[in-house]
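> Have a look at this one.
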Amino acid sequence: MMLDLYNQKYSREELKRNIYSVKVTDILKTQILDRTFVVRYILNRKYQLLQEETEITLEMVLKYQPHLHKNDILTEISLYTSDDDSVENFDMFSK
């Protein structure tokens, strides 16, 4: 199933399940995200498959997610040390 990011809002779980079938930049620009999702997926190089995705910065996140605060994201980054919430079976999803 292809997500229609520009016309619908999706749950965190739905976004996680489809993380490899959509552009991370499109998720950032169209969905309302929490800081944990931003750190674990949007800013995580593991999910940045396209060149434009590797260019995502904290400033871009703050631009498209104005409800988030820089210090909260930086704190979340410092606390995040594992892929507990990541997609299982990376190889299968990335193809």
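> So E13 clears everything in (1) part of a helix (DSSP H, G or I); (2) surrounded by fewer than 14 Cβ atoms within 10 Å (Cβ to Cβ); (3) touching a helix residue (DSSP H, G or I) at 6+ places or on another chain (Cβ under 7 Å) except one condition, right? Which one?
(3)
> Which residue out of L68, L28 is surrounded by 16 or more Cβ atoms within 10 Å (Cβ to Cβ) and closer than 16 Å to Q8 by Cα? Before the answer, list the steps.
Values: L68 fails: closer than 16 Å to Q8 by Cα.
Just one listed residue meets the conditions, L28.
> I've got another one for you. Looking only at residues in the range 33-56 that are assigned to a loop (DSSP other than H, G, I, E, B) and in contact with a Lys or Arg (Cβ under 9 Å, 6 or more places away or on another chain), which one is surrounded by the fewest Cβ atoms within 10 Å (Cβ to Cβ)? Before the answer, list the steps.
To start, the set of residues in the range 33-56 that are assigned to a loop (DSSP other than H, G, I, E, B) comprises 33-34, 43-44, 48-50, 55-56.
From what is left, the residues that are in contact with a Lys or Arg (Cβ under 9 Å, 6 or more places away or on another chain) are 33-34, 49-50.
Details: L33: 20, D34: 14, L49: 14, L50: 10.
Across the range 33-56, the extreme among qualifying residues is L50.
> Residue under question is V22, and the condition is that it be under 12 Å from the mean Cα position of the chain (by Cα), modelled with pLDDT of 90 or more and in a loop (DSSP other than H, G, I, E, B); does it hold?
On the way: under 12 Å from the mean Cα position of the chain (by Cα): yes; modelled with pLDDT of 90 or more: yes; in a loop (DSSP other than H, G, I, E, B): yes.
In short, yes.
> Cβ-Cβ distance below 8 Å, separation of 6 or more or different chains: which pairs start in the range 1-17 with a residue that is over 16 Å from V38 (Cβ atoms) and end on one that is acidic (D, E) and surrounded by 10 or more Cβ atoms within 10 Å (Cβ to Cβ)?
Once the first residue is over 16 Å from V38 (Cβ atoms) and sits in the range 1-17, its partners that are acidic (D, E) and surrounded by 10 or more Cβ atoms within 10 Å (Cβ to Cβ) give L3/E14; Y6/D26.
> Of all residues in the range 63-84, which are touching a Leu at 6+ places or on another chain (Cβ under 8 Å), assigned to a helix (DSSP H, G or I), at pLDDT 95 or above and under 25 Å from Y20 (Cβ atoms)?
Residues satisfying the conditions are Y64, I73.
The values are calculated or read from the model by the stated rules, or taken from the named source; none is laboratory data. Bear in mind the structure is a predicted one, so any value in this text is a computation, not a measurement. Counting neighbours? That spans all protein chains shown, and the Cβs are built from the backbone with ideal geometry, glycine included.
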